[in-house]
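Taking it in order: structure first as C-alpha cells, then the write-up.
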2 protein chains.
Amino acid sequence: MNAPDSFSHLLARTREPFPASCKSYLIGTRADLRVPVRDIALTNGEVVSVYDTSGPYTDPQALIDVRQGLGSVRGAWIAERGDSELYEGRKPLALDDGSKSEDAARLAQLRAEAAALQRRPRRARSGANVTQMHYARKGIITPEMEFVALRENGKREWMAQYQQDAAREQRLMGNPLGASIPKIITPEFVRDEVARGRAIIPANINHPEVEPMAIGRNFLVKINANIGNSAVTSSIEEEVEKLVWAIRWGADNVMDLSTGKNIHTTRDWIVRNSPVPIGTVPIYQALEKVGGIAEDLTWEIFRDTLIEQAEQGVDYFTIHAGVRLAYIHLTAQRRTGIVSRGGSIMAKWCMAHHRESFLYEHFEDICDIMKQYDVSFSLGDGLRPGCASDANDEAQFAELHTLGELTQIAWKHDVQTMIEGPGHVPMHMIQANMTEQLKTCHEAPFYTLGPLTIDIAPGYDHIASAIGAAMIGWMGTAMLCYVTPKEHLGLPDRDDVKQGIIAYKIAAHAADVAKGHPGARARDDALSQARFDFRWQDQFNLGLDPETAQEYHDETLPKDSAKVAHFCSMCGPKFCSMKITQEVRDFAAQKGLAEADALHQGMAEKAGEFQRAGGRFYVPLHPQG
Amino acid sequence: MNAPDSFSHLLARTREPFPASCKSYLIGTRADLRVPVRDIALTNGEVVSVYDTSGPYTDPQALIDVRQGLGSVRGAWIAERGDSELYEGRKPLALDDGSKSEDAARLAQLRAEAAALQRRPRRARSGANVTQMHYARKGIITPEMEFVALRENGKREWMAQYQQDAAREQRLMGNPLGASIPKIITPEFVRDEVARGRAIIPANINHPEVEPMAIGRNFLVKINANIGNSAVTSSIEEEVEKLVWAIRWGADNVMDLSTGKNIHTTRDWIVRNSPVPIGTVPIYQALEKVGGIAEDLTWEIFRDTLIEQAEQGVDYFTIHAGVRLAYIHLTAQRRTGIVSRGGSIMAKWCMAHHRESFLYEHFEDICDIMKQYDVSFSLGDGLRPGCASDANDEAQFAELHTLGELTQIAWKHDVQTMIEGPGHVPMHMIQANMTEQLKTCHEAPFYTLGPLTIDIAPGYDHIASAIGAAMIGWMGTAMLCYVTPKEHLGLPDRDDVKQGIIAYKIAAHAADVAKGHPGARARDDALSQARFDFRWQDQFNLGLDPETAQEYHDETLPKDSAKVAHFCSMCGPKFCSMKITQEVRDFAAQKGLAEADALHQGMAEKAGEFQRAGGRFYVPLHPQG
C-alpha cells in the first residue's frame, strides 16, 4: 500500500516554508512562552512580519512525527496551576468509532500505528474550575492570555515606516462600529475581555499542543475551516495533512466534522497534531453511536460523548441547545426548513418524543463538564436560515434569544462561550443579525457561516459568502466559518479547502482594515509600495498566496528578467502608468511642484472671478507651456 | 494555418445554449421590438425566465457569420427618426491601425477578409442632436427606451408563486438606500430617468446591432468586462469569440481596450458582431498614432480619433477630462501615484507642456462630436487611488468635482454621461465615494472598478473587489467594471475572464437583492426551492454557471441516479438535514402543528410565571412524550 507513503511526501511538501519567509518567535515573560510569527524578507532589505497560524509545521527546525504528535506548548502552564489532575479517564468503548466499524482488524491496526498519541487525560480537581474565563474573573493573567496579547500585536516595528504620515492615517482611520480596539493589546486587556465574555481563548487542558489564540470583536477577525475524515480512512498522514494544509493557508481554527467510521481514532490523530484549536459537533458522533437514528439519542449517550471528546482535547463544542421544542413549528413554512444538521437531528428528536430538547434541559450539566476541561461553547444555530428567503425569521431569532439566555448560564459557570450565526442573509439584512446578537447575547463573540448574500451561485458560494463575511466581520463578528466552492454541491477537495480559506482571509482582512485594527493596513501598504517600486517578487511574497501570484505573472511574462523590469505585462514597456507616474513625480520634484502649488492656490482664489466672467474653463497661464 | 479554423470551432461551442434553456423574445409595441430573455425549463414543469446578455449567439435559429456581422436591431428606428444621414465618413488613414503596423500585407489581408463589415457611417443632420437624452428631454419615448423597460421587467409571471407570502415579502423588503425603483418599469419611467441624467442608454447610431440596455441606479446593476486584442492578431474569429464568451457569462457591456497593432480593424470586427454596447478609451489609440509619446498628443489627433471611433459605432468613450494640470501635484506624495493609464498619459502631457489638459479645454468640442452620434461619456477617473492608502484623497475628490462640472456641460448638450469611480477603497470608506459622487455629479450613473477592499490578495483580486463592488452597487453604483484573478499580475485568459464575470454577477445580484429590485430575489427562491426539493438538475441550471455546478456535484456523486436522490454527498442518505426537515414538516402537519402552536402560546403566557418561580428551564408538558 502506497497511500501512507504518498501522503508522507505530500505532507513534507505542505510543510515547506513560504517563499522568502522564516519562522521567528516573540518571547514573553517566561522562556517557554514563544509566540510564532512569519518574517518575510523583502528584496529591499525590509522585513515584514505577519500573523502565523501554521504552527511548527513551517519551521524547518521542528521535528515532526505525526505518530508522536506535536510538542507541548502549554503543558507546564497547566500543570503549574495545580488545579487539575491526571486521571484514569473514561473507558474506551467499541462504539466510539461508530456502530458499524466493519473492519475491526483494520481499525485495530490504525489504532496501533498511533498508539503513541494516547494520553492520560486531565481534568479539574474536585470543585475546581480550569477555564480561562474563571482565571480572568479572578484577576489572573494566564500565560495563554499573554500569548494572545503578543500574538495579536505581532512585530510592530516594521509598520512604523508605513504609518509616518499623520494626515494619511487620519484620512484612513478605521470605523470600528462599536469595537474598542486598543493601539497595543496588553495581557491585562486580554484578561478583561475574557472576563467579561467578549472574547474566548479556546484551549482545552487536554490540548497542550495548542498555540493560544483569541476570538473576540476587539481582536483580529479569525477564520475557521472545516475538515472531515476520508470516506476510506487510509492513514494518519492523510488526515493530518488536511489539517496542516488548512492552517498553512491561514485557518485560525479547524472544526473536525468527521462522520461515519473511525471518528474517535481520527480525532486523536488530529488533536495531537494540531497547533490550532479544534472544534467538533458532538451530536454527530452521538448519532453514530445510535446507528443514525435521531430518536434513539439520549442524554446519557450525549454526555458520555462530551466526556470522551473533552478527554481527547477538543477545544470547543458546537451544541444546538437553542433548538427548543416550541420553536420547531416556526420552521414548517420556511422555504428550506431546517438546514443545520445538528438542528435537524434535535428537531427530529424533540418531535419524536414530544418533549423539550435534552440539550436545553441538561444545559447546566453540560456546563459542569465543560468547566472541568475548559471546553468552550460554540452555541449552535440549529435554526439558521438555509436560503435568503428564510433570513431573519421568527425561528432564527427565537433561537438566538435562547442562545443569549444560555450564554448567561454558561457564564455563571465561567464557561467560555461563542454564538454561531447564519448562514444565508441578503446584504441589507446583515446588520440586524449583528445588532440582535450583540444585544441578545451580551457581546459574546459571534461566529458566523458566511453569510451568503445570494443563492444563485452554486460553485462560487465562497465568493457569494465572502461578501457577507467581510461585512459582518466589520460589524463585529469575531470568527468567520469558511465556505468552499463545493458548498451545497459536494465534498471539498484539497484545492477547494484552499480556495475557501483564501476567500475568508480576504474577508477577515477587509474587516480588520475597515475596523481600523492597528497595523492591519500596513501589510497592504508594504505590498502596494512593492507594486509601485516594481519589486515583483516582494509583491508575490507579501500576498496571501505567493505561489499563485507568481504563477499568474509568469504565464504572461515568464522570463526571470521580467521580475525586475520596471513595467508589467498589462501595458508593456512604453505604456505603463506606474512608470509614467514616476516620471511625473520626478518632473514635479525637479521644477514643477512649487509652481504647480502656486498655480493651484491661484486658481482657487480666482475661481469666483472666472465664474463671474462667465469663463467655464481655466485659461492657462502658460499658453504654450 | 489552423488558427481561424480552430477558433471557428471554439466559437461554435461558445454559442451553445445553456442547459435546459431557450431564447425567447418579449414583443413590444412594434413587431421589430424583440427583447431577448432566457427561459430555463425546470424538471417540475416551471419555467424561470432570466435577463439575457448573450445576444443572438445563444439562439440556435440565428445564422451567425462573423464576417458579415450581426443583423440590425435598431436600424429602422434610427432611420425613421429622420434626424441623421449617411455620409462619406472620415477618410481612413494608415495610422488608424497604429504607427508600426509592420506587416502591411497581413493587415491588408485581415481587412479584406472582413470587407463586408464596412458600413457607411451615419451622423446627425446639421443642427440635429441624436442622443437618447435629447429625445427624452423632448418627451419622446424611443423604441430604445421601450426595449429597456421590457428588458428590465423581464417575464414577471413566473415570479408570482415565489412572492405569495406577504409576511415574507415584508420581512425581506429591500433597503434601496435612496434608489427609487418602481414595481414595474414603464417606458415613460425610462424616458424620465434618461431625461434627468440618472440613467444612460449607450447606443451609438452607428451600432444598430446593439440590444439596448440601461445603466442607472434605478435599474438592475450592470457589469462591464474588458477585452483586448491578442498579441498576434490571428483572426476575426478569435477576437469575436472573446466578446461572445464575455456576454455568454453575463457581461452587459464590453470595453475594447486593445492597444498596439491593427486596433482599428479589430474594432470593426468587435462592434459589428456585438449585441452589447462597446466602450473604448480613445486616448489609447491616439497614443498609438503618435508612437507612444504622450507629449506628442494633440487635440487634432484626439479629435480625429473620436470621429473615427464614433463612425465605427463605439457606444461610450472613457475620457479623462478631469485630470487637470492643477491636480497633478496632488498625486506626488501618494503611495502609488497615478495608476490610470489614461490619467497618467494626460498628466504627462500636462506636465510636459505646462498647460491645462486639452481634453478639459476642448470639452465642449467633444460634446459637439458625441451628440452627432449619440456616443455616451464615461468620464474617466484618471486620478483614482491605486491602493488602499491613497483612497479618498484630495487628488481623487478634486477630479470628481471636475467630473461633476463636466457632467453639467455634457448635459447642456444632452450628451449622456456616466462617471467612473475607484479602484482601491477599504470597506469603511466606500460610502463616502458614493455620497460624494451622488452629490457632486448630480446623480449621473456611477461606474466603478471594484473597488478592491484590500491589497494583499494578488491572484484573488476578483474576490477582494467583488466585496467592494457588491457594497457600492447596493449603495447606488449603476455599473461595476469587473476585475479578474490576473489583475495586477498579467493578462487574463479565457478562464480568468469568466471568473471575473461570475464574481461580478454575484456582486451585482447581491446588490439588486439588497436594494429590493422587484423580482431580483425570485431566482434565488426558485433555486433554493429546487435545492430543498432535491431537484439537482434545476439547482444547477438556475445558477450562474450550470456546468461548473454540475461538474462539482459529479466529482463526489457521479452517478446519474444521484441527481434524483433525496440526499446529497455532504451528509449521505441517513444524515441529510433537508431530508430530516421534510420529515419534521410532515410530522408537524400530521399532528404536531396545532399542538405546538398551543404549546408556544402557552409558553409565552407562562414565561413570567416561570421566571417568578425561579424556573430557568421549560418544564415539559409531556414528560415522556
Problem set entry | Label point at B:Leu177 placed 7 Å out along Cα→Cβ; residues across segment B:512-527 whose backbone nitrogen lies under 16 Å | B:512-517
For this session: Quick one: dipole size for chain B, taken about the Cα centre, charges +1 on Lys/Arg Cβ and -1 on Asp/Glu Cβ, in debye to the nearest 20.
Result: 940
Exercise. Across peptide A:517-529, how many C-beta atoms of other chains are within 10 Å of each residue C-beta, on average?
Worked result: 5
Exercise. How far is it, in nm, from the label point at B:Asp368 to the one at B:Thr435 when both lie 7 Å from their Cα along the line to the Cβ?
Worked result: 4.1
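Using the structure shown, select from B:Lys23/B:Lys261; A:Lys439/B:Lys439; A:Lys486/B:Lys515; A:Lys289/A:Lys505; A:Lys348/A:Lys486; A:Lys515/B:Lys242 the pairs with a Cα to Cα distance greater than 31 angstrom.
Table pairs above 31 Å Cα-Cα are B:Lys23/B:Lys261; A:Lys439/B:Lys439; A:Lys289/A:Lys505; A:Lys515/B:Lys242.
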Exercise. For segment B:396-435, what does the alpha-carbon gyration tensor say about shape, rounded, prolate or oblate, given a ≥ b ≥ c as the root eigenvalues, a/c under 1.5 as rounded, and a/b over b/c as prolate?
Worked result: prolate
Problem set entry | For B:Thr186, inter-copy label distances in nm, listed shortest first [label point 7 Å out on the Cα-Cβ vector] | 6.7
Exercise. Under the classification rounded if a/c is under 1.5, otherwise prolate if a/b is larger than b/c and oblate if not, where does segment B:1-79 fall, given a ≥ b ≥ c as square roots of the Cα gyration tensor eigenvalues?
Worked result: oblate
Exercise. If one takes the accessible area of chain B alone plus chain A alone and subtracts that of the pair, with a 1.4 Å probe, what total in Å², rounded to the nearest 100, results?
Worked result: 12500
Exercise. For B:Leu26, which sequence-distant residues (separation of 5 or more, or a different chain) have an amide H within less than 5 Å of its own amide H, given hydrogens modelled in the peptide plane?
Worked result: B:Val35, B:Val37
Problem set entry | Solvent-accessible area, 1.4 Å probe, carbon plus sulfur percent, for segment A:275-346 | 46
Seminar exercise, completed: For A:483-492, B:337-346, ranked highest to lowest by mean beta-carbon neighbours within 10 Å, the order is B:337-346, A:483-492
For this session: Compute the distance in nm between two label points, each set 7 Å from the Cα along the Cα-to-Cβ direction, one at A:Ile184 and one at A:Gln408.
Result: 3.8
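Computed FRET efficiency, Cβ-Cβ of A:Asp39 and A:Asp65, R0 35 Å: what is it to the nearest 0.05?
Numbers: r = 26 Å, r/R0 = 0.74.
FRET efficiency, A:Asp39 to A:Asp65: 0.85.
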Problem set entry | Shape of segment A:379-470, Cα gyration tensor, a/c cut at 1.5 | prolate
Seminar exercise, completed: Here the correct list, in nm and shortest first, of distances from B:Ala105 to the same site in the other copies, label points 7 Å along Cα→Cβ, is 7.7
Exercise. Which one of B:Tyr360, B:Gln312, B:Gln408 has its Cα pushed farthest toward the positive end of the charge dipole of segment B:303-453, where Lys and Arg give +1 and Asp and Glu give -1 at the Cβ?
Worked result: B:Tyr360
Seminar exercise, completed: Fraction of alpha-carbon pairs in segment A:437-509 farther than 16 Å apart, rounded to whole percent, equals 45
Problem set entry | Accessible area (Å², per residue) of the protein assembly as shown, counting only protein heavy atoms and a probe of 1.4 Å | 33
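Taking 1 over the mean of 1/r across every pair of different Cα atoms in the protein assembly as shown, what Kirkwood radius in Å do you get?
In the protein assembly as shown this quantity evaluates to 32.0 Å.
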Problem set entry | At 7 Å out from Cα toward Cβ: A:Arg13 inter-copy label distances (nm, ascending) | 2.7
Exercise. Where the only charges are on Cβ atoms (+1 Lys, Arg; -1 Asp, Glu), what is the dipole of the protein assembly as shown about its Cα centre, to the nearest 20 debye?
Worked result: 1220
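Using 1/(1 + (r/R0)^6) with R0 = 60 angstrom and r between the beta carbons of B:Asp495 and A:Ser126, what's the FRET efficiency to the nearest 0.05?
Result of the calculation: an efficiency of 0.45.
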Seminar exercise, completed: Given the candidates B:Val513, B:Ile472, B:Pro492, the one whose Cα lies deepest towards the positive end of the charge dipole of segment B:461-545, counting +1 at each Lys or Arg C-beta and -1 at each Asp or Glu C-beta, is B:Val513
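The values are calculated or read from the model by the stated rules, or taken from the named source; none is laboratory data. Just so we're clear, the structure is a prediction, and the values are computed from it rather than from any experiment. Neighbour counts are summed over all protein chains in view; Cβ atoms, including those assigned to glycine, are modelled from backbone coordinates with ideal geometry. The protein model used for the area step is the full one, side chains on, heavy atoms only, and it has no ligands, DNA or RNA in it. Shrake-Rupley method; radii C 1.70, N 1.55, O 1.52, S 1.80 Å.
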